[in-house]
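The values are calculated or read from the model by the stated rules, or taken from the named source; none is laboratory data. In this text, all values refer to a predicted model and were calculated from it rather than measured experimentally. Note that we place each Cβ from the backbone using ideal geometry, even for glycine, and neighbour counts take in every protein chain shown.
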Amino acid sequence: MPIPIYAGDNPIYLEQAAQTLQAGQLVALPTETVYGLGADADQDNACRAIFAAKGRPTNHPLIVHVSSTTAAAHYAREIPDFAQQLIRTYWPGPLTIIVKRRVGIANAAAAGQDTIGLRCPAHPVAQALLKAFEHLGGHGIAAPSANQFGRTSPTTARHVQEAFADKHNCAPAMILDGGACEVGIESTIIDCSSPKMVLLRPGILTPDELEKAAGKPLEIADIFDETTPKAPGTLPSHYAPKAKIRLMSGEEIRTALGIIGSVKPTKTFRLGVYAKKLTQKQKIPHILTRPMPESAASVAHELFAVLHDFDAQGVDLIWIEKPPEEDPQWIGVIDRLERAAAS
Ligand code: TXA
Ligand code: MG
């Protein structure tokens, strides 16, 4: 039996989901970034079930989702001024802040760190679920992306269902459907637990606008530095579809397609191409092509769905046009592409 998917805008299902969380079970929920695999952040056993369901190492902390700054105060020991400025600018929205954690609160979710990741999601279904859960006495929902460890994050309810299709005893009890995620890549993560403001994971927000909001320079974490906390989204190889990914320039892709187009197709090998400016001549029948949109926001929105689609069609290799590195708008997309290509 596939995991049931319920309409997330139906109050009956929202109530059922809140009760499921209260009972210590897992619920998959939509956010504006990606779908999350949620548990009551204050129940250690429920949070441990998340690690088991994802196959995620237990020392990789989870993000706790809250409905407001007031709810955040249950988890945070202190929220420094620059973090409060970030909150005022971006919450609810695709920003996670790492702050010092209140002692003894959300131990399993924090995976042994003395800090906690907090995010107030903007998606109306996530907000409604958080409110329904608070009504039952809950404070926050711990939720990593609802995929198997190391794989592409889900941006639709169907992606979540597929990710747990063969994990019968180790899967969310229900999935709330909130449509395709608008942002499409995971939240920007900023470490605010020291006087410095450090970018741990880029998302859709640009360094410039973050610095302006916080009134402080942004430092970029070196993810290969042994002293920074290792966590899934910051491992060199992550977000991987089953197919191999090769990042190439648009020029390289168009040239290679020109050559391949003249070769007889084989039935055993499938190539997918995700690039801009593919002319009719470059749309070769035995190669699956997806036109890449112009804007970073549009590519972020559809990127994971494109990777899921290529996988569903049994593609072995994907050529992806590398976006312009010098343009800060693309920082989050390039990060995900490089990690997906590294595996
Ligand atoms: O957009 C998102 O952030 C999605 C949705 C569901 O909200 N969630 C998500 O969670 O991407 P996940 O588990 O896939 O990524 C969690 C990231 C990890 O990479 C980890 O680095 C960071 O959050 N993180 C959480 N708590 C942390 C902490 N205390 N210290 C350092 N990093 C932390
Ligand atoms: Mg993830």
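For this structure, a couple of remarks:
- Residues of the range 160-179 that are more than 19 Å from ALA17 (Cα to Cα) and touching a helix residue (DSSP H, G or I) at 6+ places or on another chain (Cβ under 7 Å): LYS167 alone.
- Search result, residues across the range 154-178 that are among the polar types (S, T, N, Q) and either closer than 11 Å to LEU37 by Cα or surrounded by fewer than 22 Cβ atoms within 10 Å (Cβ to Cβ) (or both): THR156, GLN161, ASN169
- Flag for ILE189 being part of a strand (DSSP E or B) and under 30 Å from SER343 (Cβ atoms): yes
- ALA106 vs. criteria at pLDDT 95 or above, hydrophobic (A, V, I, L, M, F, W, C) and touching a helix residue (DSSP H, G or I) at 6+ places or on another chain (Cβ under 8 Å): yes
- Index of the failed condition, GLY179 passing every other in (1) small (Gly, Ala, Ser); (2) within 13 Å of ligand 1 (Cβ to nearest atom); (3) on the phi > 0 side of the Ramachandran plot: (2)
- Any hit, the range 266-275, residues being at pLDDT 80 or above, surrounded by fewer than 13 Cβ atoms within 10 Å (Cβ to Cβ) and not charged (D, E, K, R): yes
- The single condition among (1) of a type in the set (A, V, I, L, M, F, W, C); (2) out of contact with any Lys or Arg (no Cβ under 9 Å at 6 or more places or on another chain); (3) more than 21 Å from ALA173 (Cα to Cα) that PHE51 does not meet is (3).
- Number of the condition not met by HIS123 [criteria: (1) touching a helix residue (DSSP H, G or I) at 6+ places or on another chain (Cβ under 7 Å); (2) farther than 20 Å from TYR75 by Cα; (3) within 11 Å of ligand 1 (Cβ to nearest atom)]: (1)
- From the list ALA157, ALA111, ALA143, ALA106, the one residue that fits, being more than 15 Å from ligand 2 (Cβ to nearest atom), under 20 Å from the mean Cα position of the chain (by Cα) and of a type outside the set (S, T, N, Q), is ALA157.
- Long-range neighbours under 7 Å by Cβ, at least six apart or interchain, first residue at positive phi within the range 1-28, second part of a helix (DSSP H, G or I): GLY24/ASN45; GLY24/ALA46
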